[in-house]
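Enquirer: Got a structure for you, written out below as structure tokens; questions coming shortly.
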Amino acid sequence: MKTKVAIIGSGPSGLLLGHLLRAAGIECIILERQTRDYVESRIRAGVLETVTTDLMRQLGVDQRMNEEGLIEEGFNLADGERLIRIDITRLTGKHVMVYGQTELTRDLIAAAPDRGLEIVFEAKDVALHDLEGSPSVSYSKDGISHRIECDFIAGCDGFHGPSRKAIPAHLVREYEREYPFGWLGVLADVPPCHPELIYSNGPRGFALASMRSATRSRYYIQVPLTEKVEDWPEERLWDELALRFDPISERGVTRGPALEMSIAPLRSYVFETMQHGRLFLAGDSAHIVPPTGAKGLNLAASDVAYLSDALIAHYRGGDDAGLNGYAARALSRIWKAERFSWYLTKLMHRFPEDGAFEHRMQLAELDYVASSEAMQTVIAENYVGLPL
Ligand code: FAS
Ligand code: PHB
């Protein structure tokens, strides 16, 4: 089989790239290891920057997002006693959209057949070949082996996929920081405790009150890496969330049965070698941010905006400036998002190695944010997403 662009992975990166290329009439195919149900059931990001919502609108797959998504014109930081509201719309003229990554993924997969975007689910043993010559991708499906010859390979296969590993070790430039804690998350069909997100660094540590709709809430608390979900019976988690959010939220925490509970580790990671030969990496295959800044999904979208523009310019006019400059352009925005995510993680979490002084520094920083419109503007413009 032949195609122009072979895309590995049907997460937000692969799906957005596939749709953008098909909208430009460029042949491509997506190879996904998991089943469609598995991909469509993953619970992940919740906050979309305009970079992401603009792509959904450009593709014309934004109807459900417009109907069900929540426009958020502000969000809150808290020190356990008071809310510090960051009025992102007044300070930046923009807003964010609360609409789950799960829903965005479902919308993009549902729209694929009508737009000639082929997604091969349950594609096993995906391997990349001859990246600097005539590239191809091999895989097996239902026990039958396949090979696809292509012009380019897009590595949209997330942090654990094969694309990054296909790049020769001597060319690799990577940077990593692992955080000494994780986020225990819970999803439940209960009304949010507050109309906007609250990130709290209270006396008991970090907690985030988010939502998916007016009737579905998403909460997180910081937990040591030694903890397991089994250590957190639902009642214990609701008790902890009530302790942290009842004093500072509009409605207090409403309890209900958990639809999902999981612990995610936090890391900052950048793999700067985002292109090698005819392979281009996008999304989590090239970078990871701690979810504190709500940047992960949105960085995947900006990578894909740059990469799709570059591929379209190549096919439409033989212009390869975008492809040659892809990594440098993407990395400029990636590193600024890594900085913001790292900054907010350091500001809002209790680090085991920190003492009372470091906690007072955090409280002083929050007090400064509360009193400085300049600082609030800095936080607001990074939270809504820097321009492409
Ligand atoms: P994904 O990881 O989403 O997609 C990669 C795809 O490639 C997957 O479908 C995978 O099955 C497939 N794949 C992997 N190996 C393969 C192989 N060998 N062959 C074929 N396919 C293969 N971001 C936020 O902004 N906010 C959050 O709250 C947040 N929470 C998160 C919680 C968790 C547990 C995780 C893991 C991530 C979270 N993220 C969050 C980040 C997340 O949303 C990512 O940024 C986003 O999924 C990136 O999309 P992709 O780059 O498409 O990668
Ligand atoms: C979420 O709703 O899942 C969410 C929101 C904001 C974040 C991280 C996660 O920073």
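Enquirer: What number of residues in the stretch 226-243 are surrounded by 14 or more Cβ atoms within 10 Å (Cβ to Cβ) and without any contact (Cβ under 8 Å) to a residue 24 or more places away in the chain?
Expert: 2
Enquirer: Any residue in the stretch 216-224 that is among the β-branched types (Val, Ile, Thr), under 26 Å from Glu67 (Cα atoms) and at pLDDT 95 or above? Show your work before the answer.
Expert: Within the stretch 216-224, the first condition is being among the β-branched types (Val, Ile, Thr), and the residues that meet it are 221, 223.
With the extra rule that they be under 26 Å from Glu67 (Cα atoms), the set shrinks to none.
No, the conditions are met nowhere in the stretch 216-224.
Enquirer: Could you tell me how many of the residues in the stretch 1-51 are assigned to a helix (DSSP H, G or I) and either in contact with a Gly (Cβ under 8 Å, 6 or more places away or on another chain) or more than 16 Å from ligand 2 (Cβ to nearest atom) (or both)?
Expert: 19
Residue-wise test of (1) on the phi < 0 side of the Ramachandran plot; (2) touching a Leu at 6+ places or on another chain (Cβ under 6 Å); (3) not β-branched (Val, Ile, Thr).
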position: Gly296; (1), (2), (3): yes, no, yes
position: Ala301; (1), (2), (3): yes, yes, yes
position: Tyr306; (1), (2), (3): yes, no, yes
position: Gly317; (1), (2), (3): yes, no, yes
position: Ala327; (1), (2), (3): yes, no, yes
position: Thr345; (1), (2), (3): yes, no, no
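Enquirer: I'd like the full set of residues that are within 8 Å of ligand 1 (Cβ to nearest atom) and crowded, with 16+ Cβ neighbours inside 10 Å, limited to the stretch 17-46.
Expert: Within the stretch 17-46, Leu31, Glu32, Arg33, Gln34, Val39, Ile43, Arg44, Ala45, Gly46 meet the criteria.
Enquirer: Another one. Answer with yes or no whether Glu196 is away from ligand 2 (no atom under 16 Å from the Cβ), of a type in the set (Asp, Glu) and either part of a loop (DSSP other than H, G, I, E, B) or in contact (Cβ under 8 Å) with a residue 40 or more places away in the chain (or both).
Expert: Values: away from ligand 2 (no atom under 16 Å from the Cβ): no; of a type in the set (Asp, Glu): yes; either part of a loop (DSSP other than H, G, I, E, B) or in contact (Cβ under 8 Å) with a residue 40 or more places away in the chain (or both): yes.
In short, no.
Enquirer: Right, here's the next one. Return yes when Glu49 is buried (at least 19 other Cβ atoms within 10 Å of the Cβ) and closer than 27 Å to His194 by Cβ and no when it is not. If you could, list the steps in order and put the result at the bottom.
Expert: Details: buried (at least 19 other Cβ atoms within 10 Å of the Cβ): yes; closer than 27 Å to His194 by Cβ: yes.
Judged against the criteria, Glu49 is a match.
Enquirer: Here's another thing I want to ask about it. Which residues, counting only those in the stretch 290-305, are farther than 17 Å from Glu178 by Cα, buried (at least 24 other Cβ atoms within 10 Å of the Cβ) and either modelled with pLDDT under 95 or more than 7 Å from ligand 1 (Cβ to nearest atom) (or both)?
Expert: Passing the criteria: Ala301, Ser302, Asp303, Val304.
Enquirer: If you don't mind, there's one more thing I want to ask. Counting only residues that are within 23 Å of Tyr383 (Cα to Cα), give me the strands (runs of 3 or more DSSP E) lying completely in the stretch 69-182 with at least 2 of them.
Expert: Answer list for the stretch 69-182: 70-72, 75-78, 83-86, 96-98.
Enquirer: Whether any residue in the stretch 15-38 is free of Cβ contacts under 8 Å to residues at least 40 places away in the same chain and under 20 Å from Val137 (Cα atoms) is what I want to check. Reasoning before the result, please.
Expert: Taking the stretch 15-38 first, the residues free of Cβ contacts under 8 Å to residues at least 40 places away in the same chain are 25, 27, 37-38.
Still in the list and also under 20 Å from Val137 (Cα atoms): 27.
Yes, the stretch 15-38 has at least one match.
Enquirer: So, one more: Among the residues in the stretch 90-112, are any in contact with a His (Cβ under 7 Å, 6 or more places away or on another chain), surrounded by 14 or more Cβ atoms within 10 Å (Cβ to Cβ) and among the aromatic types (Phe, Trp, Tyr)?
Expert: No: zero hits.
The values are calculated or read from the model by the stated rules, or taken from the named source; none is laboratory data. Predicted model only: the values in this text are computed from it and were never measured. Please note: Cβ atoms are built from the backbone with ideal geometry, for glycine as well, and neighbour counts cover all protein chains shown.
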